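The values are calculated or read from the model by the stated rules, or taken from the named source; none is laboratory data. Note that the structure is a prediction, hence the values are computed from the model and not measured. Here the Cβ positions follow ideal geometry from the backbone for every residue, glycine too, while neighbour counts run over all protein chains shown. Side chains are part of the model used for accessible areas, which takes the heavy atoms of the whole protein and leaves out ligands, DNA and RNA. Shrake-Rupley method; radii C 1.70, N 1.55, O 1.52, S 1.80 Å.
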Amino acid sequence: MTLTRRRFLQSTGLAVGASAVPVFGRVGPAWADAEVDPATRDRLRLVVLALDGGNDGLNLVVPVEDVPGAPRRAVYDRVRPSIGIPREQLLRLDRPDDADEQLGLHPALTYTHGLYQEGRLAIVQGVDYPDHSYSHATSSEAWECGCPPSGKPSSAGWLGRHLDRVGVGTGEIRGVGVVPELPLILLGEREKGFEVARLPLTLDDGNQAGASERYATAVRYADHEEAESLRRLYGRRMASSIGVVQELADAPPTPNVAGNGVAPQLLTARTMLEGDHGTEVVYLRQPGYDTHEGQANRHRDLMADLDQAIRIFYDGNGQAIGPLDPHIRDRTLIMVTSEFGRRIGENGAGAVAGTDHGAAAPVLLFGPPPSPDVPRVLRGGLLGDHPPMGTVQAPADNLVMTTDMRAVYQSVLTSWLADPEPEYDDHHAFGELPGLFAEA
Amino acid sequence: MAMTPEQEVARLLNRVAFGATPADLDTWAERPYEDLVEHLLDVPSDVTQRQLNPAEFRQAVDESTTLFTSAAAAHWMQVMRTTAYPLEERVVFFWHDHFATSGAGGAPRYADVVAQINTIRRHAFGSFRELVAAITVDPAMLMWLDGDVSTKDKPNENYARELFELFTLGTVPQRYTEEDVREAARVLTGWEVTTSLTLKRAARFNPAKHDTGTKQVLGRTITAAGDREYRELIDVALDQEVAPLFVAYKLVKAFAYTPDTVDLVAAPDPLVDEVAASLRATDWDLREAYRTLLLSPYFRRPDATRGQQLVRPPVDLVVHAAKLFDLDFDDFITSADRYLADMGQIPLAPPSVFGWPDSEHWLTTTGTIARYLLGWAVITSLGRVTNRFALAGHGDLPPSGNLAAWTRRLGLPGLSRNTELAVRDHLLALAGEYEPSIQESVLLLLLASPEWEVV
């Protein structure tokens, strides 16, 4: 299968928030005209990029050599004869504190490696959650919810709850998903985020006779008299969609970028961050990572695509797309996650070799260079422990968790986004990650 | 609040038959609801004449006029519009979503997925057991979920997992383990897809690549049985307590409403329970399951709350619009193409094996705007046909102020007070304008109204 395995909000179809009347209630014709507080320009921001399908973390951060007590490279060579990457091709993670780990990046990640050498890339190893699920839908939901699977569908996500805690100002598009449907990660009890799949969004009814009278009528569908009705929900989505389109009417269009990859969505994210919409958190996905077969070429192309997207996000393309506004760059963190990693051993042989669903994998965080005006900075380098891989005689099946996903989330919420309250009541149980951020 | 017979007819056809036309209302409003249900279910078992023929559609639809919709998909929508058996076409489309296999990626190709649709049609009014069996060794499915590269040395878990997770058991509650998935993958090893010189595909069992050991799946033992072994796996899956509830749940969610439940076994929705009981009692007969669904008092309840409603899928809306205005898809698809893409549903190209969204999850920003604008596809297509001001050529359109007549003209059960008030105020705002222009505005607003979008 070559297509995306992106899953919709509930693959089981059970209604999210079935008891809650959906909230687009703050949105109406007046919303689009509201002034966004200029202070939002100084907010620290987060972009979450989910590698959709289950990224093979072991071929993203790769053992180069064995280290004492951990014959990682020997095991790697033994169980990945086809998809294993030769050591001389790997981009060494050789900053002084990291060199002893003998790890390297996938060869396609050249720009990413450059950021690593500048100290702007943090790699958290072995990230997962307890009671790991190997199902795309269940595990994606766990990562977006920020909670291990409970047997019941989740109705909210960790960034949605963050938006609830910090509050969203009138007229702000504070949380946005550059995805075709509103993602769980941005759903809170009150706040829901917005989905802006691409720019421009147009009401190309615009030049037709009667258009503005029709908009005015259509937004009235939000007042449908059935209180608990999908018809009212539809009416309110109509009103908010028209509001969002009007709010973003002057936003520059998503630039054309050669190739099909995630760069256009990441650039749309950039447009939202650079605009005056109060955008603080952005979520997007790069599909295609479910490499059950044919992994070598497919994964390489995905890595190249990811690297190019990060490059264009920061530096532009030297033509129509300029570099990211430094004011935004200095305040933006990009976190790259995936719903799970993949098995240590490959499946199949030769060109068709691939991997089945796995467990723990690294999380990448891209940060800015230090700036005098910004109170915090990301500290680059390797964090956490590489999960054990067993021995050549007895290779491990899967990489197990050495860092709880919730520790990463809590660290980002508290230390980067300055969320005033903890997301997790028991957050000390899985700790904050020491050293992920530093006061500038 | 009870519904009139005409309202029930409109709602039923809008739910399960790509929409009601005024002619449908004329024919069925005076007859018992049960008669209409039996009429819809009266689908001949011999499907030969109704199979999609790939050779036909390339002639019918000029694919160069569309960016997103394939010729095969446009041809299928033409069939949806014109078939004498709309319930059949609608349930075949439902099973297409359930087994969500896409031809957009090239492997399988669209022609392979069309062949899968024909396989679905053979069983859509027969046995679910036979349907799942046929899909398991369908060439398009084998290519889609890597069944064709799964061997005893390297069993591929993709189909095994989705067989449980998406096709037969679901995850709420999850009654299968990772070990069951691995063992099921062993059962499914050894299948291949062959391609003839004319690009016709076939599934072939290769005993040399099949794992002949004993497997333990869902508490049962499966011993070597060659090319019949997958049948035993399906039997074991369908024997699970949750299986009929899960299949019933999918049907209810597609045609009635999204049940408000968290555990299908512990607390099933009453309509889900009824349909599951039917599947159990008839050894998975699908025609009986549809009959149980459509005749159930829970299905027929008046729909004032979200608990009994669903947001109509894009294809239903586009086909309904085509029926209402006699629009041939070889032309209409040119206008509707981008709206289908923005609304998020092109037949034969589901976004992933998880299929298309449900109900309110269709209502993304882009999707909602496309629904708002869909009426333009109709007006543009009519304009091309009449070559002048589009609606002026349509003699049977009601005067702009007669909303009751407009409601019936669009096959709707009714308008809410709020919608009616909003549209009437709009008419006041446009008073004095050219009447066909006002009619156009009314059409656009009603084809964007909550009553059109939510059934």
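Numbers below:
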quantity: Test: residue in region A:223-235 that is more than 8 Å from chain B (Cβ to nearest Cβ) and crowded, with 18+ Cβ neighbours inside 10 Å; calculated: no
quantity: Pair list, Cβ under 8 Å, 6 or more apart: region B:193-218 residue without any contact (Cβ under 8 Å) to a residue 12 or more places away in the chain, other residue open to solvent by 60 Å² or more (accessible area, probe 1.4 Å) and among the β-branched types (Val, Ile, Thr); calculated: B:Thr214/B:Thr221; B:Thr214/B:Thr223
quantity: Hits in region B:320-347 - residues which are open to solvent by less than 10 Å² (accessible area, probe 1.4 Å) and within 12 Å of chain A (Cβ to nearest Cβ); calculated: B:Met343, B:Gln345
quantity: Residue within region A:311-330 that is buried (at least 20 other Cβ atoms within 10 Å of the Cβ), closer than 16 Å to A:Gly54 by Cβ, touching a residue at least 40 places away in the same chain (Cβ under 8 Å) and more than 14 Å from chain B (Cβ to nearest Cβ) present; calculated: no
quantity: Search result, residues across region A:182-222 that are farther than 24 Å from A:Ala251 by Cα, within 7 Å of chain B (Cβ to nearest Cβ) and either touching a Cys at 6+ places or on another chain (Cβ under 7 Å) or not hydrophobic (A, V, I, L, M, F, W, C) (or both); calculated: A:Gly210, A:Thr217, A:Arg220, A:Tyr221
quantity: Helices (runs of 4 or more DSSP H) fully within region B:409-455 counting 2 or more residues that are at pLDDT 95 or above and at the interface with chain A (Cβ under 7 Å from one of its Cβ atoms); calculated: B:417-429, B:450-453
quantity: Helices (runs of 4 or more DSSP H) within region B:93-152 that include 3 or more residues more than 14 Å from chain A (Cβ to nearest Cβ) and open to solvent by less than 30 Å² (accessible area, probe 1.4 Å); calculated: B:110-123, B:128-136
quantity: Sole exception among (1) within 14 Å of another protein chain (Cβ to nearest Cβ); (2) in contact with a helix residue (DSSP H, G or I) (Cβ under 7 Å, 6 or more places away or on another chain) for A:Leu273, by number; calculated: (1)
quantity: Residue that is farthest from the chain's Cα centre (by Cα) [pool: residues in region A:124-179 that are open to solvent by less than 10 Å² (accessible area, probe 1.4 Å) and aromatic (Phe, Trp, Tyr)]; calculated: A:Tyr129
quantity: Residues (among the charged types (D, E, K, R) and either closer than 19 Å to A:Leu365 by Cβ or buried (at least 17 other Cβ atoms within 10 Å of the Cβ) (or both)) located in region A:67-91; calculated: A:Arg72, A:Arg73, A:Arg78, A:Arg80
quantity: Residue in region B:348-365 that is within 14 Å of chain A (Cβ to nearest Cβ), under 28 Å from B:Asp396 (Cα atoms) and assigned to a helix (DSSP H, G or I) present; calculated: no
quantity: Any chance B:Asp273 is outside any helix (DSSP H, G or I) and open to solvent by 20 Å² or more (accessible area, probe 1.4 Å); calculated: no
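Residue by residue, here is whether (1) closer than 21 Å to A:Cys147 by Cα; (2) not in a helix (DSSP H, G or I) holds:
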| residue | (1), (2) |
| --- | --- |
| A:Pro388 | no, yes |
| A:Gln393 | no, yes |
| A:Leu399 | yes, yes |
| A:Ala407 | yes, no |
| A:Gln410 | yes, no |
| A:Asp419 | yes, yes |
| A:Gly435 | no, yes |
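Residues are listed down the side, and each one gets a yes or a no for (1) open to solvent by 50 Å² or more (accessible area, probe 1.4 Å); (2) acidic (Asp, Glu); (3) assigned to a loop (DSSP other than H, G, I, E, B):
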| position | (1), (2), (3) |
| --- | --- |
| B:Asp180 | no, yes, no |
| B:Ala185 | no, no, no |
| B:Glu192 | no, yes, no |
| B:Leu199 | yes, no, yes |
| B:Arg204 | yes, no, no |
| B:Thr212 | yes, no, yes |
| B:Tyr230 | no, no, no |
| B:Ile234 | no, no, no |
